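Chemist: Sharing a structure, written as structure tokens. Questions coming.
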Amino acid sequence: MTPSLETRNLTIRFGGHVAVDSVSCAFVPGTLTAIVGPNGAGKTTYFNLISGQLKASAGEVFLHGEDLSSLPAPLRTRRGLGRAFQLTNLFPNLTVMENVRLAVQSRARLGLNLWSIWSNHRELLGKAEEVLEMVALADKRDVAASALPHGDQRKLEVAILIALEPEVFMFDEPTAGMSVDEVPVILDLIRKLKAERDKTILLVEHKMDVVRELADRIIVLHNGALVADGEPEAVIASPVVQEAYLGVEVKA
């Protein structure tokens, strides 16, 4: 199958430190790939290079064969790369609904004028309300994003990502900081996206029970390099991965 997303020799250096070291990897639609490794392995930095938050020192990023390497993050989003961050990335002074409807507007190529067009685009408002229902935030539609508890802010960020309707979904620890009761909402959303079979999903996640359940494939980064890539059972069972990269002590 033709890759929807591909990185070729993707590299970034900070002074003498190589944070991502020549990572080449291809991702295909209908597949959820979990990216794992110890803290400092380069997982979030790799995401930042793909989505355009960081400029690579070397290498390329391709979406459906198009080289995105020279494009800034907003243009990569318009091409179909969707990114949810490890730390929330919201308009804090706007309400929950306003955050989501701006994303719907952006997807419809209508710009970011918050007030002028909505009376003429009820279908877009309906789409925003539908997304809020999906993430269980409809009852908080008029609450400022900054007033939400952390778990609800994470749900709102996922709602914004869904509203953008990307072809590639990139989740960076989407359940971090959530209570036990809140986690299933996000995991159910990811399951639904995966079930559509036409989306490419990348997931950085430390919770191995989540990785085992959701992933079709696991890649492992260590010191910025790709050190393992394969089906979950094989990668998780590898002693070197368990001991060195997942923090599990392997008994002799």
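Chemist: Given 0.36 nm per residue, what is the gain on full extension from Ala144 to Asp181 after removing their alpha carbon distance, in nm?
Modeler: Length gained, Ala144 through Asp181: 11.1 nm.
Chemist: Here is a follow-up. Label point 7 Å out from Thr2 along Cα-to-Cβ: which residues of segment 180-219 have amide N under 17 Å?
Modeler: Within reach of a label on Thr2: 198-200.
Chemist: Same structure, new question: Using only the heavy atoms of the protein chains and a 1.4 Å probe, how would Phe171, Phe62 rank by accessible area, largest first?
Modeler: The most accessible residue leads, giving Phe62, Phe171.
Chemist: Can you give the extra length, in nm with one decimal, that the chain gains between Glu66 and His17 once fully stretched, where that is 0.36 nm per residue apart less the Cα-Cα distance?
Modeler: Between Glu66 and His17, full extension yields an extra 14.7 nm.
Chemist: Just the projected area, averaged over all directions, of the convex hull on the alpha carbon atoms of the chain: how many nm²?
Modeler: For the chain, the mean projected area of the Cα convex hull comes to 14.5 nm².
Chemist: Using a simple spin-label model with points 7 Å from Cα along the Cα→Cβ vector, what separation in nm is obtained for Arg191 and Arg78?
Modeler: With each label point 7 Å from Cα toward Cβ, the separation is 3.7 nm.
Chemist: How large is the charge dipole for the chain, taken about the Cα centre, if only the Cβ atoms of Lys, Arg (+1) and Asp, Glu (-1) carry charge, to the nearest 20 debye?
Modeler: 620
Chemist: Distance between the C-alpha centers of segment 1-60 and segment 198-222? Whole Å please.
Modeler: After rounding, the separation between the Cα centres reads 14 Å.
Chemist: Considering only protein heavy atoms, with the full assembly of protein chains and a 1.4 angstrom probe, order Asp209, Asp67, Asp172 by accessible area, largest first.
Modeler: Ranked list, largest accessible area first: Asp209, Asp67, Asp172.
Chemist: Among Ile160, Val18, Leu71, whose Cα lies farthest out toward the positive end of the dipole of the chain, if unit charges sit on the beta carbon of Lys, Arg (+1) and Asp, Glu (-1)?
Modeler: Ranked along the dipole, the leading option is Leu71.
Chemist: Can you compute the helix-only [θ] at 222 nm over the chain? Use -39500 (n - 2.57) per DSSP H run of at least 4 residues, normalise by all residues, nearest 500 deg cm²/dmol.
Modeler: -9500 deg cm²/dmol
Chemist: Between Asn39 and Ala108, how high is the FRET efficiency from 1/(1 + (r/R0)^6) when r is the Cβ-Cβ distance and R₀ = 41 Å? Nearest 0.05.
Modeler: 0.55
Chemist: In segment 149-252, how does Rg compare with the Kirkwood Rh, expressed as the Rg/Rh ratio over alpha carbon atoms?
Modeler: Computed over Cα atoms, the ratio is 1.00.
Chemist: Return the carbon/sulfur percentage of the accessible area of the chain, one whole number, probe 1.4 Å, all protein chains in place.
Modeler: 51
The values are calculated or read from the model by the stated rules, or taken from the named source; none is laboratory data. Note that the structure is a prediction, hence the values are computed from the model and not measured. Here the Cβ is made from the backbone with ideal geometry for all residues, glycine too, and neighbour counts use every protein chain on show. Surface accessibility is based on the protein's heavy atoms, side chains included, excluding ligands, DNA and RNA. Shrake-Rupley method; radii C 1.70, N 1.55, O 1.52, S 1.80 Å.
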